[in-house]
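The values are calculated or read from the model by the stated rules, or taken from the named source; none is laboratory data. In this text the structure is predicted, and so the values were computed from the model without any measurement. Every residue, glycine among them, receives a Cβ derived from its backbone with ideal geometry; neighbour counts consider all protein chains shown.
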Amino acid sequence: MEHKRNCIAKNTVAYFRDFLWKYSVIDPTNRHNSAHPMDINGVPSFNLQQADDETVSTVSTNEITTRHFIRLRDSVLDFVGRKVTGAVITVLPVFSDTQNEALVAMAKAAELEVLGIVHEPGQGVDKNILVADLGGTRCDAAGVASRGGMLKLNEVLVDHFSKEFIKKHKVDPGNERSLAKLRQEADGTKRTLSLGTSPTISIESLADGYDFHSTVNRLRYKLSAKKVFDQIVPLVENVVKKAELDPLDIGEVILSGGTSHTPKIASHITALHPDPVPINAPETLTTVPNPPELSAHSAAIQASLIAEFDKEDIEKSTHSPITVAPHLSHPIGVIIGEDNSFRAMLEAQTATPARRIAQFDVQSGGDVIVRICGGIRGIVVEKVHKVIAEAAIKGAKKSGKVEVTIKVGLNLDLNVAVRVVGTQIGVRGEVKPEAGSVQYPKNCNN
């Protein structure tokens with residue numbers, strides 16, 4: 001696709017997904033090296049020349065999307081040998097209901113039944129997960145904010161190689177043909193820099209018949225692209241701030257999109273978070289899936305989970321009354337014995353119903369008091385906000401383990417079970433919401 005876009009730019013459509021049903025609000029800057037969109041009767045469309053003659057035809061984004069679905073359907077048929085009838089589609093986080101409905105109609109025209117739609121990037125469960133999707137034309141973080149994409153990194157390399165060519169041959173490679181060749185090599189060089197330190201590029205007849213051979217090391221690339229890299233950190237910080245979280249609240253970071261292979265981006269993200277927080281990127285963890293394929297992986301997993309269900313059952317299970325669940329406004333945890341440190345078991349913003357089980361060491365023999373508490377964020381650690389319930393365990397042995405199970409129901413009722421591991425000693429109880437399990441007063445004593 002990249003090669004065709006550089007060689008026959010005016011007859012190649014790129015990034016048409018951004019234009020589905022919303023022409024006027026999309027910045028066409030990233031389409032400078034491909035066919036430009038036009039507003040024809042309110043529908044985003046492209047004028048394309050037919051391959052067999054000079055005829056120019058107008059093709060709408062709807063028709064292009066349907067053709068794309070047909071090509072994907074046929075590719076899967078060739079690969080697995082079976083006809084595909086259903087699909088799960090990933091869409092941008094800013095897609096509206098109207099765009100989703102239009103997408104379903106286009107898939108139906110391609111004889112594909114849409115079983116579900118997954119918004120990318122996704123939100124983690126039971127953990128504050130920051131998902132940074134660093135693609136070519138846009139950067140999304142947890143679906144909260146977006147900025148210009150990482151094609152700016154390609155332009156940095158194009159600018160660098162252009163200056164090198166001018167220095168060697170006193171010729172400016174500024175014409176459309178030369179820039180297309182440079183962009184193609186820049187994209188490959190960017191990928192190579194993720195793995196090596198000094199890739200070499202070679203372009204025949206770049207401008208005025210001069211061939212171009214050059215190298216760029218990773219240090220030069222980092223210095224030239226510093227302004228672009230520095231924009232990633234404010235994006236991530238802004239997303240965390242909008243979510244009313246602190247960087248210390250993030251339990252995991254996932255980088256997706258092709259530009260996530262760039263080591264400098266992973267190091268910038270790593271610097272924002274403490275050491276225990278895993279950064280899922282090729283630079284920091286070699287076992288992570290290929291970042292550009294994460295969205296496809298998520299769609300495949302979702303499809304495998306719902307493939308056996310009827311379409312009506314799937315639609316019923318995705319309605320707002322089912323998918324929109326109550327969330328805890330404060331963490332719920334325990335204090336064991338004389339140790340006054342609060343240990344969260346259910347973090348704030350956990351969707352209900354939820355159930356957690358944890359085991360804790362018994363520091364000294366005898367009776368053990370387990371206090372179920374609501375937490376409140378402090379400057380450094382979470383502190384006790386209010387004691388919700390207490391459970392007394394008698395006869396616990398030193399060095400034994402106490403297992404605590406906390407379950408929050410859909411109506412925010414709290415069920416607690418405490419037992420000594422390996423024995424029949426235990427206690428269980430229930431706390432109703434009005435008793436204070438989730439309703440907290442404005443003033444409290446720590």
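Output the residue which, of all residues in the range 370-387 that are modelled with pLDDT under 85 and in contact with a strand residue (DSSP E or B) (Cβ under 7 Å, 6 or more places away or on another chain), is surrounded by the fewest Cβ atoms within 10 Å (Cβ to Cβ).
Among residues in the range 370-387 that are modelled with pLDDT under 85 and in contact with a strand residue (DSSP E or B) (Cβ under 7 Å, 6 or more places away or on another chain), the one surrounded by the fewest Cβ atoms within 10 Å (Cβ to Cβ) is 387.
Can you say whether residue 203 is over 30 Å from residue 345 (Cβ atoms) and buried (at least 17 other Cβ atoms within 10 Å of the Cβ), as far as the supplied structure shows?
Yes, satisfied.
With respect to residue 178, determine if the residue is crowded, with 16+ Cβ neighbours inside 10 Å, in the same structural domain as residue 233 (by TED's automatic domain parsing), in contact with a strand residue (DSSP E or B) (Cβ under 6 Å, 6 or more places away or on another chain) and modelled with pLDDT of 85 or more.
Judged against the criteria, residue 178 is a match.
The rows are residues; the columns are (1) without any contact (Cβ under 8 Å) to a residue 24 or more places away in the chain; (2) surrounded by 13 or more Cβ atoms within 10 Å (Cβ to Cβ); (3) of a type in the set (A, V, I, L, M).
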{"position": "186", "(1), (2), (3)": "no, yes, yes"}
{"position": "190", "(1), (2), (3)": "no, yes, no"}
{"position": "193", "(1), (2), (3)": "no, yes, yes"}
{"position": "197", "(1), (2), (3)": "yes, no, no"}
{"position": "207", "(1), (2), (3)": "no, yes, yes"}
{"position": "216", "(1), (2), (3)": "no, yes, yes"}
{"position": "219", "(1), (2), (3)": "yes, no, yes"}
{"position": "226", "(1), (2), (3)": "yes, no, no"}
{"position": "242", "(1), (2), (3)": "no, no, no"}
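Check whether at least one residue in the range 18-33 is crowded, with 18+ Cβ neighbours inside 10 Å and at pLDDT 75 or above, and report yes or no.
There is no residue in the range 18-33 that is crowded, with 18+ Cβ neighbours inside 10 Å and at pLDDT 75 or above.
Residue by residue, here is whether (1) within 24 Å of residue 231 (Cα to Cα); (2) of a type in the set (Ser, Thr, Tyr); (3) outside the structural domain of residue 187 (by TED's automatic domain parsing) holds:
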residue	(1), (2), (3)
264	yes, no, no
271	yes, no, no
284	yes, yes, no
300	no, no, yes
